[in-house]
Amino acid sequence: MKVLVSSQGQTLDAALDPRFGRAACFLLVDTESLEYSVVENFQNLNLPQGAGIQAGKTAAATGAAAVLTGHCGPKAFDVLQAAGIEVVVGASGRVIDAVQHYKNGKLETAMAPDVEGHWV
Amino acid sequence: MKIAIASGKGGTGKTTLAVNLAASAPMPICLLDCDVEEPNAHLFIQTERIQRYPEGVFVPVIDTDRCTLCGKCETICRFSALVIIGKRLLAYPEMCHACLGCMRICPEEAISPGERILGDVVSATFGTHQLIWGEMRVGEAMSPPLIEAVQRMAPDDRSLLLDAPPGTSCPMIAAIRDCDFVVLVTEPTPFGLHDLSLAVETARHLKIPCGIVVNRAEKGNTQIQDYASREKIPLLLEIPFKRSYAESYSRGEKLIDTDPALKKAFTGLWEIILKRGQEIRRAS
């Protein structure tokens, strides 16, 4: 299966970005082969509001089964739910660590957003 | 004539100036408190005949039976208020900036107008003057539509004095952009000067003439005066830094009732502003 991880860099060794909507970029990782591709998030970094919604849409377009990130706000969570994507929050360390922990069942599925939205 | 009282920095004395200037007006005027996130002019004014009008703004309502998920509304919306995920069009009304683009572009007429409550516009009288202010709903993030609603309620047969919200972003611009003259209130501190220069840039960009009032002015501190002469902006008034003024403010009183010298100064400020208004009218 493929998971989308919010990342501060473009390799599996990069640090996971705790922000979902305003993540530096995303890595779409195959949990079996560990092959991955980079998914840009440029547009969202510059949005005044609504980054979570757009990031959720980006995630839906990749076909990922799950999103691994640090925190997820209410709108992003709502979009990911609508897209049928599993949301995993509380991930940290390197991207590769988050993927391994997810595979080993060490990370739990979020049932609700874990942070408030960011109004300016 | 429509005169705005604005500042870059918050807490420099916009409302103090607005309330005292309104009470010193030589003719009946209407004071518009456009700081809808924290209106406080009415705290210093004995108002009568208070009337409240709830104010709302357009939000899209989707008819899912008609929607074909063509995505045109999603593309036109710059604020992600409408998003298609899978086979569903999701609406986020709190993101909507009420441009109505989605409703106009929808080929299926699947979007109809709904309403999000922004807050109240409140109208009252004091003496021969009128006071109108906005009170934004707690939790609402977008103030410009309510600021515009306050201005729509203003009478068109008298001069308007407008107390603007602080800063130089959308709310401040929504308040000052139709004004004939902007009075910029500042304090003689580095922060006051910095934000004053931002407000001056904003007024210049909007092509609105401005003048400066220094509040809490101290002898020997001339940074604002130096800036004003450098930029060739008229210095309209200096309100000295006095404990008695702060005490009067804390009791909810007007400064002109505390110090007769100030009453005279505010009358003088009206003369300058009205003369400036005549010049503008002659020029246009």
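We did not get these values from a lab; they are worked out from the coordinates using the rules stated. Just so you know, these numbers come straight off a predicted model, no measurement behind them. Using ideal geometry, Cβ is built from the backbone for each residue, glycine included, and neighbour counts are taken over all protein chains shown.
Can you give me the convex hull volume of the Cα atoms of the stretch B:64-109, divided per residue and expressed in Å³?
Per residue, the Cα convex hull of the stretch B:64-109 comes to 67 Å³.
Quick one: grab Rg to one decimal and Dmax as a whole number for the protein assembly as shown, Cα atoms only, in Å.
26.8, 83
For chain B, what size does the Cα cloud have along each of its three principal axes, sorted from largest down, in whole Å?
Sorted largest first, the three principal extents are 70, 44, 40 Å.
Could you tell me the calculated FRET efficiency between A:Met1 and B:Leu100, based on Cβ-Cβ distance and R0 = 41 angstrom, to the nearest 0.05?
It comes out at approximately 0.45.
Placing +1 on the Cβ of each Lys and Arg and -1 on the Cβ of each Asp and Glu in the protein assembly as shown, which of A:Gln81, B:Leu198, A:Gln8 has its Cα farthest towards the positive end of the resulting dipole?
B:Leu198
Report, as an integer, the average count of C-beta atoms from other chains found within 10 Å of each Cβ along B:74-84.
Per residue, the number of nearby Cβ atoms from other chains is 4 on average.
Convert each backbone phi in the stretch B:20-36 into a coupling constant with the Karplus relation 6.51 cos²θ - 1.76 cosθ + 1.60 (shift: θ = phi - 60°), then list the ³J(HN,Hα) values in order as whole Hz, x for Gly and Pro.
Values, residue by residue: 6, 5, 4, 6, 9, 5, x, 9, x, 10, 10, 8, 10, 8, 9, 7, 5 Hz.
With label points built 7 Å along Cα→Cβ from the Cα atoms of B:Ser250 and B:Glu201, find their separation and express it in nm.
Computed distance between label sites B:Ser250 and B:Glu201 equals 3.7 nm.
Counting helices only, and only those DSSP H runs with n ≥ 4, report the 222 nm mean residue ellipticity of the protein assembly as shown as the sum of -39,500 (n - 2.57) divided by its residues, in deg cm²/dmol to the nearest 500.
Computed mean residue ellipticity for the protein assembly as shown: -9500 deg cm²/dmol.
If the limit is 29 Å between Cα atoms, which of B:Lys9/B:Lys232; B:Lys72/B:Lys207; B:Lys9/B:Lys275; B:Lys207/B:Lys263; B:Lys14/B:Lys275; A:Lys75/B:Lys9 go over it?
As for pairs spanning more than 29 Å Cα to Cα, those are B:Lys72/B:Lys207; B:Lys207/B:Lys263; A:Lys75/B:Lys9.
Can you say what percent of the DSSP beta bridges in the stretch A:2-103, counting only those with both residues inside, are antiparallel? Round to 5.
About 70 percent, rounded to the nearest 5.
Suppose a student asked you for the relative contact order of the stretch A:2-103, using Cα pairs under 8 Å spaced at least 6 residues apart; what percent would you report?
About 32 percent, as a whole number.
Report, please, the projected area of the stretch A:2-103 averaged over directions, based on the convex hull of its C-alpha atoms, in nm².
If you wrap the Cα atoms of the stretch A:2-103 in a convex hull and average its projections, you get 5.2 nm².
With θ taken as phi - 60° and the coefficients 6.51, -1.76 and 1.60, list the Karplus ³J(HN,Hα) couplings across the stretch B:267-277 in order, rounded to whole Hz; mark glycine and proline as x.
Rounded to whole hertz, the list is 4, x, 5, 4, 4, 4, 5, 5, 5, 4, x.
Rounding to the nearest 20 debye, state how big the charge dipole of the stretch B:64-109 is about its Cα centre with +1 on each Lys and Arg Cβ and -1 on each Asp and Glu Cβ.
Here the stretch B:64-109 has a charge dipole of around 100 debye.
Between A:Glu40 and A:Gln8, what is the label-point separation in nm under the 7 Å Cα-to-beta-carbon projection?
2.3 nm
To the nearest 0.05, what FRET efficiency results for B:Ser284 and B:Leu235 with a Förster distance of 25 Å applied to their C-beta separation?
The calculated FRET efficiency here is 0.55.
Measure out, as a whole number of angstrom, how far apart the alpha-carbon centroids of the stretch B:34-88 and the stretch B:191-241 sit.
Using only Cα atoms, the two centres lie 36 Å from each other.
Go through B:Ile132, B:Ile85, B:Ala283 and say which Cα lies farthest out towards the positive end of the charge dipole of chain B; charges sit on Cβ, +1 for Lys and Arg, -1 for Asp and Glu.
B:Ala283
Loop only by DSSP, 16 or fewer other Cβ within 10 Å of the Cβ. Give me the GluC sites (Glu not before Pro) in the stretch A:1-99 that pass, ordered by residue number.
A:Glu32, A:Glu35
Could you list the trypsin sites (Lys or Arg not before Pro) in the stretch B:1-98 that lie in coil according to DSSP, counting only those with at most 16 other Cβ atoms within 10 Å of their Cβ?
Sites meeting the loop and neighbour criteria: B:Arg66, B:Arg78, B:Lys87.
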